[in-house]
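In what follows, a structure is listed as structure tokens, so that the remarks can point back to it.
The values are calculated or read from the model by the stated rules, or taken from the named source; none is laboratory data. Only a predicted model underlies this, so the values are computations on that prediction, with no experimental measurement involved. We place every Cβ from the backbone using ideal geometry, glycine too, and count neighbours over all the protein chains shown.
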Amino acid sequence: MIADVNTIAVYALREALRRKVLIVVLVLTGAFLGLYGWGTAETFDAVTARPDEPLVREQTVVGATLLGLAMFVTLFLGTVLAVFLTLNAVRGDAERGLLQPLVVRPMGRVSLLLGRFFAAATVCGGYVLLVYGIAVLLTGTLGDFTPDDIVGPGIALAAAVVVVVGVALLGSTVLSATANGIAVFMVFGAGLAAGLMGQIGEALDSDTLEDISSVAAWVLPFEALYQQALYLLTASTQNFERVVITLGPFGGARDGGALLWPWAVAYLAMVWAAAAWRFGRMDL
Amino acid sequence: MAEPAPALSIAGLHKRFGRTAALDGVDLEVQPGQLVGLLGPNGAGKSTLTKIACGLVRPSEGAVHIAGHPAGSAAARAVTGYLAELFRFPGWASADEVLQLHQRLARSPGDDGERAELLARVGLSEARHRRVEEMSKGMQQRLGIAQALIGSPQLVLLDEPTSALDPAGRRLVRDLLVDLRSRGVAVLLNSHLLGEVEQVCDHVTIIARGTTVASGTPSDLARPGGVEIETEGGTRHFPDATREHVPDLVAQLVGAGERIYDVRVVTGTLEEAYLEAVAEPQP
Ligand SMILES: Nc1ncnc2c1ncn2[C@@H]1O[C@H](COP(=O)(O)OP(=O)(O)O)[C@@H](O)[C@H]1O
Ligand SMILES: [Mg+2]
């Protein structure tokens, strides 16, 4: 079983390397990181040149906001990658006749699904960790801000994209390739909209909006994980800065609490079980 | 000792897709070393039957066993080779890499040697390192056949394996099938090419509208068409006569004073038998 999963994962990785979308994402990533570094340097120059505000405080606000923006872009690019690596995994490949020769081998469908999942999760999770790491480095060197927790936000962000991989894989057992791609982006957008709604709710002091937002973030836990990642950036920053950051345009930071991680794991397991069940009963 | 289980046994097989009954009670057996042709018009259910045998499609009803194992089980899949009617291999992989992947998945102990031998058997030795996207459809079909033979399966299911092949390729596949049979492999061949089936198959099953409409050896099915005798008075046809009747018939005619110019034993073709078997029932 492990050997089969490994064989399929290697096969999926090799396939991924041939896809043009990988190049597109890499080019976009390079462009983004270049712009981000430039923007960060300029912003911090501007902040330092204004002596009237307490410097440390303003640097924290600016640094966390910038890095929060970088994390949003990272999650977005990671999602693009996740969607393109998994959108055709089951129905798309079955419709093109790529899947049948593999499925009739003794390994069985669960191993095939596991192999596809691990390949995409590894690529997307690794990608997110790498881009996040570079963004942290740029913010620390070109700017002057280091998050309170360096590792935590990266892990939460990588977990968010792994959840997206799971959702896209489940989608691929129901929808053909293009429809699945569109559907997963819509789900992703819904998560972001929920986050935004929460911020508006906070600004307007509307409990109802905030409740809707937090329920939605838990239904789509990649959003809750993203909010958790933002939260961890300034987890130990107190008082005034914390408030400003929470209200920032790309903020949406929220502590998911002790249940977030168990819930994310359980959610992935459920998505997974649903995908395996669907795939197991499909006529190919 | 108990008799060895048939390589493929199908009993009372039904498959419904929603309201369409693709298979409506089909029985079929393929013994080790037997080459069975499955014929039938488009939409008869041939591909569905093959897919059920290799576990791609779940039957609605009926029992399907491969060498004694339930179809779709890992044990059944381990001894089956399959070439789908519509299939594709990843364009970026070379012929050799495709076979290597399937060797791993089929747990074939065969190595380099097995791949080289299979590629030679389907006439692709030269294209061993060519990428699939650079191959013609016919070459891909040859690769598909090689893939189906990885790991020396006991049962080989081929769904229209020669649809894209040139005459030389078809010939090559025929020889290959005969060779498989001589090695004791059981083969189920779906094909539209009646001539091909007639030449190589030991047994033919014709299905139409999801049910078996004829079954037997090709020569059983291709019923004799009587005897034609050319006499002075024109050609006379004896529809129920066979070769055995010829001397008596001739003696009779000569005795009656006829002059005989030619005698022909008319053999029916599988095509005629096929067309008759699959004809829509008259309302
Ligand atoms: N996945 C499917 N969903 C719905 N109907 C199907 C499916 N596969 C086959 N059918 C139907 O089942 C019947 C038999 O199809 P098939 O086995 O492909 O025929 P053949 O291979 O003999 O041409 C056809 O009527 C076809 O439309
Ligand atoms: Mg068919």
Filtered residues of the stretch B:78-87 (kept if more than 16 Å from ligand 2 (Cβ to nearest atom) and either at pLDDT below 95 or hydrophobic (A, V, I, L, M, F, W, C) (or both)): B:A78, B:V79
Qualifying helices (runs of 4 or more DSSP H) (wholly inside the stretch A:145-232; at least 1 residues being modelled with pLDDT under 90, farther than 29 Å from A:F44 by Cβ and under 17 Å from the mean Cα position of the chain (by Cα)): A:177-204, A:207-219
Residue in the stretch B:182-205 that is more than 15 Å from ligand 1 (Cβ to nearest atom), within 13 Å of the chain's Cα centre (by Cα) and within 14 Å of another protein chain (Cβ to nearest Cβ) present: no
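Residues of the stretch A:85-99 being part of a helix (DSSP H, G or I) and crowded, with 22+ Cβ neighbours inside 10 Å, which ones?
A:L85, A:T86, A:R91, A:D93
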Selection within the stretch A:38-71 - surrounded by fewer than 20 Cβ atoms within 10 Å (Cβ to Cβ), modelled with pLDDT of 90 or more and within 25 Å of A:L196 (Cβ to Cβ): A:G39
Filter result for the condition that a residue is in the same structural domain as B:A208 (by TED's automatic domain parsing) and touching a Leu at 6+ places or on another chain (Cβ under 7 Å), over B:L49, B:L101, B:L86: B:L49
Residue within the stretch A:118-140 that is at pLDDT below 95, within 20 Å of A:L75 (Cα to Cα), in a loop (DSSP other than H, G, I, E, B) and of a type in the set (S, T, Y) present: no
Condition met for B:A22 (within 16 Å of ligand 2 (Cβ to nearest atom) and closer than 13 Å to B:A186 by Cβ): no
Subset tally (residues that are of a type in the set (S, T, Y) and closer than 22 Å to B:L28 by Cα) for the stretch B:155-183: 1
Condition check for B:G169: in a strand (DSSP E or B) and more than 15 Å from the chain's Cα centre (by Cα): no
Meets criteria (assigned by TED's automatic domain parsing to the domain that holds B:R171, farther than 21 Å from A:G280 by Cα and touching a residue at least 24 places away in the same chain (Cβ under 8 Å)) for B:D112: no
Residue within the stretch B:66-81 that is basic (K, R) and out of contact with any Lys or Arg (no Cβ under 6 Å at 6 or more places or on another chain) present: yes
The stretch B:45-77: number of residues that are more than 23 Å from B:R19 (Cα to Cα) and in contact with a His (Cβ under 9 Å, 6 or more places away or on another chain): 4
Residues of the stretch B:142-169 satisfying the condition of being within 12 Å of chain A (Cβ to nearest Cβ) and within 16 Å of ligand 1 (Cβ to nearest atom): B:L157, B:D159
Residue match in the stretch A:32-43 (condition: more than 14 Å from every other protein chain (Cβ to nearest Cβ), more than 30 Å from A:A235 (Cα to Cα) and of a type in the set (F, W, Y)): no
Some residue of the stretch B:41-58 being away from ligand 2 (no atom under 16 Å from the Cβ) and not aromatic (F, W, Y): yes
First in the stretch B:254-274 and farther than 30 Å from B:A214 by Cα, second anywhere and among the hydrophobic types (A, V, I, L, M, F, W, C) and not in a helix (DSSP H, G or I), Cβ under 8 Å, 6 or more apart: B:V254/B:I260; B:I260/B:I229; B:D262/B:I229; B:V263/B:V227; B:V263/B:I229
Matching residues, the stretch A:54-113, being of a type in the set (G, A, S) and away from chain B (no Cβ under 14 Å): A:G63, A:A64, A:G68, A:A70, A:G78, A:A82
